[in-house]
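Worksheet for the structure shown next.
Only the coordinates and a few stated rules stand behind these numbers; no lab work does. Owing to the predicted nature of the structure, the values given are computational and were not obtained by experimental measurement. Virtual Cβ from ideal backbone geometry, glycine too; neighbours counted across all protein chains shown.
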Amino acid sequence: MTRRKLISAGFLMLSGLVLTDALWFERFFIEINEFFIGNTDKNQSQIQVVQVSDLHLNSINKPLRKLAQKINKVKPDMVLITGDAIDKSENISLLDDFLKLIDHHIQKVAILGNWEYWGNIDLNRLNDIYKGSNCDLLINETRQYNFRNKTISITGVDDFIGGNADFELAIAKYQQGDFHIVLNHCPQYSDTIGLKTPENIKIDLILSGHTHGGQINLFGIIPFLPQGSGKYVKGWYKNNLKNIYVSKGIGTSILPLRFGARAEIAIFNL
């Protein structure tokens, strides 16, 4: 084999590996990241929540079934769905199918993303589907939940670019509890949340999605981030003393591939 042929063969092999990774591995082998907040460890967790973001459901495939099985095995206190569960009105029944795979007794809370608006989703029907699976859809609203003598307040903010995000309205009925998590699809709006949080309201976590971790991340070079991402891409950030976690999500948008941004769910122990 000549040197040129050897280089060509190597390039083709590398290209094949990259395409396999982008079209298959990073999309369908869902990463599970677990975090312990404050002084919590595996033996001291008081409330456990799982964040599921940006499903962009187009089918109920084997990886999603395995994901539901994993959630049922973990048995968290709550599943928090941070927007863009579906992006087309004709796929709304898929969300019903997916939620039914998760134990009905697990409390679920969801917010809207931009695609629930852009996809012309019937929000009344969406709300009914969530209700049928023990899930509260929060739109600029706060609700409090109780688990084993501990209280957790969940604030759900409407989408920043597709809806009408209003954090002040969302916390109007806030009640002090042991923990407080804010669900905010577009992470750019976290800057506003940081500025508008009253001193007497504590926020333990702000959970966002939307960015897909860049979806295509070429070793730190991200060709495109959607409007509403701001300075956020993936993982942990701190802004105005608020802990922000930006999930890479599960589904894809526009292009059906991921590179350097493997699909994920996150587990938080409070």
| Mean separation of Cα pairs under 8 Å and 6+ residues apart, divided by the residue count of the chain: what relative contact order is that in percent? | 24
| Between segment 144-159 and segment 72-136, what's the alpha-carbon centroid distance in Å? | 17
| task | Please label the shape of segment 86-209 as rounded, prolate or oblate, based on the square roots a ≥ b ≥ c of the eigenvalues of the alpha-carbon gyration tensor (a/c under 1.5 means rounded; beyond that, a/b larger than b/c means prolate, else oblate). | result | oblate
| message | Can you tally the net charge around L205? Count Lys and Arg as +1, Asp and Glu as -1, for every other residue whose Cβ sits under 12 Å from the Cβ of L205. | response | +2
| Check: segment 171-270 dipole with +1 on Lys, Arg Cβ and -1 on Asp, Glu Cβ, in debye | 160
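From the Cα trace of segment 136-270, what convex hull volume per residue do you get, rounded to a whole Å³? Before the final figure, lay out the partial values.
Numbers: hull volume 15.5 nm³, N = 135.
Roughly 115 Å³ of hull volume per residue.
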| request: Report, to the nearest 10°, how far helix 62-74 tilts away from the longest principal axis of the Cα atoms in the chain, using its own Cα long axis and a range of 0 to 90°. | output: 40
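Rounded, prolate or oblate: pick one for segment 194-270, where a ≥ b ≥ c are the square roots of the eigenvalues of its C-alpha gyration tensor, a/c under 1.5 means rounded, and failing that, prolate if a/b is larger than b/c, else oblate.
The shape class here is prolate.
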| message | For mean projected area of the Cα convex hull in nm², pick the label among (1) 19.5; (2) 17.6; (3) 16.0 that corresponds to the value derived from the coordinates. | response | (3)
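Just order 201-210, 254-263 by mean Cβ neighbour count inside 10 Å, highest at the front, would you? Don't skip to the end; give the middle numbers.
Working: 201-210: 23.7, 254-263: 18.2.
The densest-packed peptide leads the list: 201-210, 254-263.
In the structure shown, do any of K196/K238; K100/K196; K70/K202; K70/K150 have a Cα-Cα gap over 27 Å, and if so which? Walk me through the numbers before you get to the answer.
Working: K196/K238 15 Å; K100/K196 37 Å; K70/K202 31 Å; K70/K150 25 Å.
In this structure, K100/K196; K70/K202 lie more than 27 Å apart at Cα.
Counting helices only, and only those DSSP H runs with n ≥ 4, report the 222 nm mean residue ellipticity of the chain as the sum of -39,500 (n - 2.57) divided by its residues, in deg cm²/dmol to the nearest 500.
On the way: 7 runs with 65 residues, N = 270.
Rounded to the nearest 500, the figure is -7000 deg cm²/dmol.
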